[in-house]
Amino acid sequence: MSVQNINDVRPYLTFTLGEELFAVDVSKVREVLDYTNITKIPRTPEYMRGVINLRGSVVPVIDLRLKFGMSKSERTIKTCIIVLEIAFDHETVVLGALADSVEEVFELEPAQIEPPPRLGTKFKAEFLQGMGKREENFLMILEIDKVFSSDELIIVQETGSLMAESA
């Protein structure tokens, strides 16, 4: 979905990675969890921190800081896991994303969202749905279904399935 497709007011969950403020459409968020023990899985990409047990379900956890070329997430009192639902191949993949902190949920009107810049951002423009304006701050609105490649989502699915079978 691009900025041109945003025609209505939508709620967004905002979170931080380092000094950067990000947002994701609330419809993609299943829940937000306090940081919990993450079981590391051998021979997975560095950005894949492991899996958690979410009420009996195995949920892979991704370090978005590593995915975006930042330094590895360090656990603090504010570190949390955002459980997301990603559309992939006519299915929904559930995964956790580490965030340094979750800020708030608020609505943005289409007039508050601009197209992502072509230059000057560390992140690939296709990951971004747009740049939101909130008071004096800008926030990067993620196109969460495009953040992960199909190969990466297959790894996430396989890891979750493998861990569920061995449990």
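We did not get these values from a lab; they are worked out from the coordinates using the rules stated. Since we're looking at a predicted model, the values are computed, not measured.
Summary of values
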| quantity | calculated |
| --- | --- |
| Aspartates and glutamates whose Cα lies under 12 Å from that of K72, excluding same-chain neighbours fewer than 8 positions away | E46, D63, D100 |
| Cα-Cα pairs of the range 73-114 separated by more than 16 Å (percent) | 59 percent |
